[in-house]
1. First select every other residue whose beta carbon is under 10 angstrom from the beta carbon of Gln66; then total the charges, Lys and Arg +1, Asp and Glu -1.
2. Of the candidates Ala117, Ala97, Ala248, which one comes out as most mobile in a Gaussian network treatment of the chain with C-alpha springs shorter than 10 Å?
3. Return the loop-located trypsin sites (Lys or Arg not before Pro) in segment 41-112 (DSSP other than H, G, I, E, B) with at most 11 other Cβ atoms within 10 Å of their own Cβ; answer none if there are none.
4. Have a look at the DSSP beta bridges in the chain and tell me what percent are antiparallel, nearest 5.
5. Leu80 versus Asp148, label points 7 Å from Cα toward the beta carbon: distance in nm?
6. Can you tell me the FRET efficiency between Tyr247 and His26 if r is taken as the Cβ-Cβ distance and R0 is 51 Å, rounded to the nearest 0.05?
7. Which whole-number value in Å³ per residue fits the convex hull of the alpha carbons of segment 39-165?
8. Given bins 10 angstrom wide, list per bin the percent of all Cα-Cα distances in the chain, short to long.
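The values are calculated or read from the model by the stated rules, or taken from the named source; none is laboratory data. Everything numeric here is computed off the predicted structure, so don't read it as measured data. Cβ coordinates were reconstructed from backbone atoms using ideal geometry, including for glycine residues, and neighbour counts include every protein chain displayed. Side chains included, ligands, DNA and RNA excluded: accessible areas come from the protein's heavy atoms. Shrake-Rupley method; radii C 1.70, N 1.55, O 1.52, S 1.80 Å.
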Amino acid sequence: MTSERPLIVARTRDELRVGLDSLAKHGTVALVPTMGALHAGHLSLIERASELCDTVIVSIFVNPLQFGPNEDFRRYPRDLEGDLEHCASYGVRLVFAPDEGVMFPEGPPAIQVDPGALGEGLCGAFRPGHFRGVLTVVATLLGLTRPDWAVFGRKDFQQSVLIGRMVEDLALGVRVDVAPTVREADGLALSSRNAYLSEDERMDALGLWMGLSAAQELYGSGETDASVLIDRVREGVSQHPRLALQYAELVDPETLAPLEKAVPGSVAAMAAFCGETRLIDNVVLGQTSPDPRVRPEPRGGWSS
Ligand code: AMP
């Protein structure tokens, strides 16, 4: 996909204001918030955003508030130049790429968004403060860009639920769309963190998808007992020596409450360490259309 229209790159709040003003005549606006190192998963959100709105804005900000003290904030992959090329070729009109001083001119915000009970389970149980950091920055980005729509990925399932609730509960006046997880040809969910994996780890990382897809299949054949389905996820993981499961749960897609019986739309969600790299994934039971896959691309490019 190419665009004739130039890409505006805003690094400061003033540049963002000027850029947004210049786009004001161009109809509805969709925001795709990211931490950069864009891959085909992010690009699918951009495509979805351009279906929803006339103008697409992408934010690129590696958000320090959402990383714990022993997490990978410093080494998180960054590639602004490559990201801008991808954005330009996908018809994005404006990229907002602030640094920390621009996002938090007074230091970390004194007022932050508390995810409440919805942020306590699943990933929230293992990453204290993570979702508070995510919601605080997403709310700030929404305030700065004032889009009609904001688009997120189901890959970060709990995050997408929390953002949907935040927007409703705080009446933020933006509509939220959640796009399906884009996967490698073999099923591994695309993630910027996959870049950390060694060749051996990359092979074992497939255990997440093997477990989840086996559970999905078992559900398709009539099994609804959550513990049996989750055991299937565990089996998929246990066959891969470099994987260490952090959690696997079957939950309600809105309340995130653990379920004993699966119904259509229940979500099996999991996190596992593959070596030092923490990976997450999930599947929706009874989902009729398969998640999109990236075709293998011998020269290292993408074709989603
Ligand atoms: P990140 O840059 O990892 O913070 O992700 C930015 C957005 O891209 C979030 O809404 C993620 O859920 C979404 N995303 C990340 N990986 C994928 C994927 N494989 N498929 C679809 N969306 C994704």
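1. Net charge in that neighbourhood comes out at +1.
2. Ala117
3. Listed in order of number, the matching sites are Arg74, Arg75.
4. The antiparallel fraction comes to roughly 50 percent.
5. Modelled inter-label distance: 3.0 nm.
6. The calculated FRET efficiency here is 0.70.
7. 117
8. Percent of Cα pairs in each bin: 6, 27, 36, 24, 7, 1.
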